[in-house]
Number of protein chains: 2
Amino acid sequence: MEIKVVRRVLDVNEKMADQNRKMFAEKGVFVLNVMSSPGAGKSTTLEKTLSILKPDINCAVIVGDICTTNDADRLAKTGAPVVQVNTDEFGGDCHLAAHVIEKAAEGLDLDETELLIVENVGNLVCPAEFDIGEDARAVVLSVTEGEDKPVKYPLMFRVCDVALLNKIDLLPYLSFDIEKARSYILQVHPGMPIFDVSAQTGEGLELWIGWLKEVVKKKLG
Amino acid sequence: MEIKVVRRVLDVNEKMADQNRKMFAEKGVFVLNVMSSPGAGKSTTLEKTLSILKPDINCAVIVGDICTTNDADRLAKTGAPVVQVNTDEFGGDCHLAAHVIEKAAEGLDLDETELLIVENVGNLVCPAEFDIGEDARAVVLSVTEGEDKPVKYPLMFRVCDVALLNKIDLLPYLSFDIEKARSYILQVHPGMPIFDVSAQTGEGLELWIGWLKEVVKKKLG
């Protein structure tokens, strides 16, 4: 019974996501949905990414959190317009749903936006099930989380288009086997592009941002 | 509408949790529900905890994961009986619900069990909403996740009885402010007991295990 209920919620979400996708296409906006566990480094990665992208691409951000505006405050410092969604106003939701994105996008000038980055709620499970009308999905996995997360949370890695292995500056202090992590990712999502990065030190970000610019360019021309 | 649906699911869960609680009380079993983000170190903490508790307390474990039996395999090596729940059989659930625990407990000899540890699905959001009929709840926060998780995911820290700050062996390599983390925890849950531990090195585990023995003894006498 519970499953049926969830299915119905997902059907409604799917329709709203299609509407969002149409709206974003009309406005010439590329939407990137960024997901991860809590504390994997989404905000730091996006801070750095926005700073580097800024001269070339007009960015805006929607940040999802259950509570607080901590991440939005950090990202606003990059100069990009930021809308914070606190899901406790939507029943404490563990993910951003399509109707929430539609509402949040009303607070942005989409005519002036080329790339809209959505920082989802920190959760490696539920956000994977909710299409928000995005063009691409990125998952950030911190190397402090262990190698086996891709096989333990396969849906997330299956639905995403690109994976960032973050916090590689900590590798010398961990027993994390990065080759094993990569092979687990490729096991659940063959051919997935994987970028090793440290949002803290900036290492590896250029390759990731090169990939992102490429996919945005492919859509917007 | 979505919220109402969730409420109904939670009402049903609450009744099942009460039944579980009654059953566990009759069998003289103390139930500890352990929750965290993915990769915060629940399994390593429990491996060490089980090894240390073993001579004194008969333990059993229920492990929740969406996929894989990795954690169950690790915990079974401690000699404790382990039941793995893969929630993909229950619709890929992002949490363990009370009816799932009831079913999993059928696979254990509760007459021979004093402490049943439930390692929940790695998720700092949803499991906080689902009472499983436990006596105590522990949240594990890895210091690699950043200080602000307690204020960003307050429900989890509010419903738990004890917090473990794990991976403190990595503190020299992080800009994590442990006093700030503690004050955030106490802000959402005044008086919460907090233990600084490294499941990897074993540092700090004695105090946590002392606390656990105390609460188990208080119930079982």
Between A:A25 and A:E214, with labels modelled 7 Å along Cα→Cβ, what's the label distance in nm to one decimal, could you check? 2.4
Fully extended, how many nm does the chain gain between B:E206 and B:D18 (0.36 nm per residue separation, minus their Cα-Cα distance)? 64.5 nm
I want to verify a result. In a Gaussian network model of chain A, Cα cutoff 10 Å, which of these has the top mean-square fluctuation: A:K103, A:K48, A:K15? A:K103
At a Cα cut-off below 22 Å, give the lysines reachable from B:K22, other chains included and same-chain residues fewer than 8 away excluded. B:K103, B:K213, B:K217, B:K218, B:K219
What does the C-alpha gyration tensor say about the overall shape of the stretch A:19-133? Classify as rounded when a/c is under 1.5, otherwise prolate if a/b is larger than b/c, or oblate. oblate
Taking every eigenvalue of the Cα gyration tensor of the protein assembly as shown, multiplying by 5 and rooting it, what semi-axes result, largest first, whole Å? 37, 24, 19
Segments A:27-36, A:156-165, A:199-208 sorted - mean Cβ within 10 Å per residue, highest first: A:27-36, A:156-165, A:199-208
For the stretch B:131-218, place one equal point scatterer on every Cα, skip the solvent, and apply the Debye formula. What is log10 of I(q)/I(0) at q = 0.18 Å⁻¹? -0.78
Average beta-carbon neighbours from other chains, 10 Å sphere, peptide A:102-115: 0
Report the Cα centroid-to-centroid distance between the stretch B:24-80 and the stretch B:139-218 in angstrom, as an integer. 18
Any idea what the A:E214 label distances to the other copies are, label 7 Å down the Cα→Cβ vector, nm, shortest first? 5.7
Distances from A:G191 to the same residue in each other copy, label points 7 Å out along Cα→Cβ, in nm, shortest first? 5.9
Just name one of A:V121, A:L171, A:C67: the one whose Cα is farthest towards the positive end of the charge dipole of the stretch A:2-220 (beta-carbon charges, Lys/Arg +1, Asp/Glu -1). A:L171
Whole-percent pair-distance distribution, where bins are 10 Å wide, for the alpha carbons of the stretch A:2-220: 8, 35, 38, 16, 2
Ranking A:P38, B:V31, A:G133 by how far each Cα lies towards the positive end of the charge dipole of the protein assembly as shown (+1 on Lys and Arg Cβ, -1 on Asp and Glu Cβ), the top one is A:G133
Choose one answer from A:A97, A:A138, A:A181: the residue with the largest mean-square fluctuation in a GNM of chain A with alpha-carbon springs under 10 Å. A:A181
Shielding of B:149-159 by other chains, given as the mean Cβ count within 10 Å, works out to 4
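Every read-out reported here was derived from the displayed coordinates using simple, explicitly stated rules and does not represent laboratory data. Quick caveat, the model's predicted, so the values are computed rather than measured. FYI the Cβ positions are ideal-geometry reconstructions off the backbone, even for glycines, and counts take in every protein chain you see.
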